[in-house]
Amino acid sequence: MKNKILNVILIGYIIVLIWLLLVPNVFRGEQTWYSNVFSYQHFVDSNLIPFRTIIMYIYCLKNGNINIDIPIKNVLANFFMFMPITILIPTIL
């Protein structure tokens, strides 16, 4: 029973994660989800290359273009967004 509940939680977490990462955020004033999700521009704007943003932040910090708080907030948000999967998968297996 415990394993079934954890499987449901993991599937729900993955669905929410995909929704947060790949569907435009309507609440932040972006276009409605149905007008942009399947467009070419949406997939061009999605960051699917590992460490691309971190490398960009390092380059911008070196040149003095951004404050240090922006990359710190980004790295911490990514850490807390993906931390549940590191707990759920070993628990299920």
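The values are calculated or read from the model by the stated rules, or taken from the named source; none is laboratory data. All figures in this text were calculated on a predicted structure; none of them were measured in a lab. Don't worry about glycine lacking a Cβ; one is built from the backbone with ideal geometry, like all the others, and counts go over all protein chains shown. Heavy atoms of the whole protein, side chains included, go into the accessibility calculation; ligands, DNA and RNA do not. Shrake-Rupley method; radii C 1.70, N 1.55, O 1.52, S 1.80 Å.
For the reader, a short list of remarks on this structure follows.
- Checking each residue of segment 37-47 against the condition of being open to solvent by 50 Å² or more (accessible area, probe 1.4 Å), in a loop (DSSP other than H, G, I, E, B) and either on the phi > 0 side of the Ramachandran plot or modelled with pLDDT of 85 or more (or both) gives no match.
- Filter pass, Pro71 being surrounded by 12 or more Cβ atoms within 10 Å (Cβ to Cβ), assigned to a helix (DSSP H, G or I), in contact (Cβ under 8 Å) with a residue 40 or more places away in the chain and on the phi < 0 side of the Ramachandran plot: no
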